[in-house]
Amino acid sequence: MKINIQRASEITSFSIDIENATLLEVLTYIKTKIDSSLAFSSGCRSGVCGSCAMRVNGKEVLACAYKVQEDDLIEPLRNAPIVRDLVVDMQKSYAFNKVAKAWQTTLNEEKIQTLHVSPQQAQINELQSDCILCGSCYSACPVYSVNPEFIGPFALTRAWRYVSDARQNDVEKTIGAVQEKGIYDCTLCGECIPVCPQNIAPKQDIVMLKNKSGVLGYMDPNFASSFGGFDLSF
Ligand code: FES
């Protein structure tokens, strides 16, 4: 079997004698038997840690979950600096979780006394909690590719995960944090959905954040500018 790997500015082809293997198994084989200089990231080897995300034939996959096909082209994720070969630096997209204030805030005493979380409420953000920060959604996002300050898919999904949590104390702070370079910059193209290995739909979470923003009195600046910048706050 032949596979092709994008390394720096050139594509290197490898002939390997393994069948029915995952991409991570093939990369490990190449590194241990053929070329020890090949660089890639991995951790859990079972689709949990998110560190082995890369692209195959232009689509984001987890290397440990993808079965290699003849003549596949393997490339690093897009929209992140390449460290070497298939390893990219994800620090910038991780930092967007902080920009979006996407974390659990402590309940105040009054809320602790009165709070009752039903089993249904507890399930609302179960899916979003499964995000493994693999970065596939940032790689696939056409907005992030031209606007590197866009908060981006997984940070906005994480923001919704906490905004929708009945135990969250300061929803307004997170909603306020995703107005600038956040929810209104998303074009709702949906490219982030099919690449998510956890079946999360960041686009839907962004829609939910937009709805919540409307409830809290925020307005889509694109809507306001379509009225020529008139003051619509009557
Ligand atoms: Fe952890 Fe692939 S090695 S998700």
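The values are calculated or read from the model by the stated rules, or taken from the named source; none is laboratory data. All values derive from a computational prediction rather than experimental measurement. Glycine gets a Cβ as well: all are built from the backbone with ideal geometry, and neighbour counts include every protein chain shown. The area values use the complete protein model at the heavy-atom level, side chains included, leaving out ligands, DNA and RNA. Shrake-Rupley method; radii C 1.70, N 1.55, O 1.52, S 1.80 Å.
Odds and ends about this structure:
- Yes/no for Asn125 being closer than 16 Å to Ala102 by Cα, surrounded by 20 or more Cβ atoms within 10 Å (Cβ to Cβ), in contact with a Ser or Thr (Cβ under 7 Å, 6 or more places away or on another chain) and at pLDDT below 95: yes
- In the range 31-53, the residues that are away from the ligand (no atom under 15 Å from the Cβ) form Cβ pairs under 7 Å with partners that are part of a loop (DSSP other than H, G, I, E, B) and modelled with pLDDT of 95 or more, at six or more places apart or across chains, as follows: Leu38/Asp85.
- Residue tally, condition more than 10 Å from the ligand (Cβ to nearest atom) and either touching a residue at least 24 places away in the same chain (Cβ under 8 Å) or of a type in the set (A, V, I, L, M) (or both), over the range 55-86: 22
- Subset of the range 144-193 (residues that are open to solvent by less than 20 Å² (accessible area, probe 1.4 Å), touching a Phe, Trp or Tyr at 6+ places or on another chain (Cβ under 8 Å) and in a helix (DSSP H, G or I)): Tyr144, Pro153, Phe154, Ala155, Thr174, Ile175, Gly182
- Unique match (being among the charged types (D, E, K, R), open to solvent by 30 Å² or more (accessible area, probe 1.4 Å) and not in a helix (DSSP H, G or I)) among Glu70, Glu60, Glu25, Glu110: Glu70
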